[in-house]
Each structure stands twice: as structure tokens, then as C-alpha cells.
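Chemist: Sharing a structure here in C-alpha cells format.
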Amino acid sequence: MKKLILIPLLLITISSSSQVFNTSSTLRRGHLSLGFEPSVYINGASDFNLFIHGGIGLTSNIDLGLHLGVLGNKNYIGADVEFGLGRLFSFTGGVHDFYDFGLDGTLLCTLPIQSNADIFIGLDTDIVFNDDTDIHFWLPLGVAINVKRNMDFILETEIGLGDTNTHFIGGGLCFYF
């Protein structure tokens, strides 16, 4: 019954950008993930992007992620490595190109709220190399709901902190193989 109440609410927001689209759990060695996330950047105007996320487990606590954002004003391409830090935390470091080249770092904490649902919160930072090197910070907040055995629905938002005036909201499905 709770799923029936949550699903319509979550589907309303699915057509609403993302940089995390992940909990702090890592993929097991050799396992794959593929996610699709429609999203919006909110920065005075709203810019749509469709993210395609892929991942592969490298070891029991390390995975590699690849990210492609298409259909927006500018394509996004990025890659990262996520390190599991115990049962509830992870650290991710990576690179991206979106208007300018940047380095990424994210610390996430995931808390189970039901047997099939987790919430996550953390700190996300980008160092963007342009004429002036810029550092941006976001507060990622999200929920991951296990819809089927190998499928999660992930809804997330990233709230810009400090001088960062861009916010993100996105949601989509992630499949595991």
C-alpha cells in the first residue's frame, strides 16, 4: 500500500539534473548498472537534460561510473570512481566536461528507512577550471526505492550552497545486472 502512495508522487517529479544519482553502496565486482534520469538545472532559468548513467563493480568496495547528459543546451560527460567506506558511507572522485573541465568529489551517507527504501544525504563539490578556477558546493538529498529485484527508482535534488546558485532535481530508474 505504501508503494502505491509513493509511486504517483515520485512519477510527478520524474520529468523534472543530477550529479549523484547514487546511494553510498557500491556495485559488487563484475556487476553492472544502467540508469536513465530526466533532470532540470534550476539557475534562474530551467534547463532540461537527460542523463544516462552506467557503472561496473571493480572490487567489493570500488566501482567505476560513466555519465552522459544529452538533450540539453550542452552535453555533459563524466566519469568517477566510488569507494565504499563501511556500510553507510562512500567517497566518489571524478572528472567531467560541461562547458568547462572539472574535478568532482562527493561524500554520501545512506540510511535505510524500510527494507526497500533508503535516503541519502551528503556533500558534493566541483572544482571547475575556466578563466578563474571556481569551486562549487551542493547538498545532495535523495531517496532510492527498490521497485523490483534489479531495479531502483532514484529521486534526488542538489541544493547549491554558498555562491553556487544552481540547483538540480532529477529522478529516474536504475537497472542492475
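Chemist: Test D126 against the stated conditions and say whether it is of a type outside the set (V, I, T), outside any strand (DSSP E or B) and out of contact with any Cys (no Cβ under 9 Å at 6 or more places or on another chain).
Modeler: Spelling it out, it is not the case that D126 is of a type outside the set (V, I, T), outside any strand (DSSP E or B) and out of contact with any Cys (no Cβ under 9 Å at 6 or more places or on another chain).
Chemist: Tell me which of these V128 doesn't satisfy, since it passes every other one: (1) more than 25 Å from I145 (Cα to Cα); (2) buried (at least 16 other Cβ atoms within 10 Å of the Cβ); (3) within 16 Å of the chain's Cα centre (by Cα).
Modeler: Result: V128 passes all but (3).
Chemist: Over 22 Å from F89 (Cβ atoms), of a type outside the set (A, V, I, L, M, F, W, C) and either in contact with a Pro (Cβ under 9 Å, 6 or more places away or on another chain) or surrounded by 15 or more Cβ atoms within 10 Å (Cβ to Cβ) (or both) - does that describe any residue in the range 144-160?
Modeler: Checked against the condition, which is being over 22 Å from F89 (Cβ atoms), of a type outside the set (A, V, I, L, M, F, W, C) and either in contact with a Pro (Cβ under 9 Å, 6 or more places away or on another chain) or surrounded by 15 or more Cβ atoms within 10 Å (Cβ to Cβ) (or both), the range 144-160 yields at least one hit.
Chemist: Take D132 and tell me if it is outside any strand (DSSP E or B), modelled with pLDDT under 95, more than 19 Å from G171 (Cβ to Cβ) and not aliphatic (A, V, I, L, M).
Modeler: So D132 fits the description; yes.
Chemist: Restricting to the range 17-65, what's the tally of residues that are surrounded by fewer than 20 Cβ atoms within 10 Å (Cβ to Cβ) and either under 11 Å from the mean Cα position of the chain (by Cα) or of a type in the set (G, A, S) (or both)?
Modeler: 10
The values are calculated or read from the model by the stated rules, or taken from the named source; none is laboratory data. Computed from a prediction, not measured in an experiment: that's the story for all the values here. Here Cβ is always computed from backbone atoms with ideal geometry, including for glycine, and neighbour counts include all displayed protein chains.
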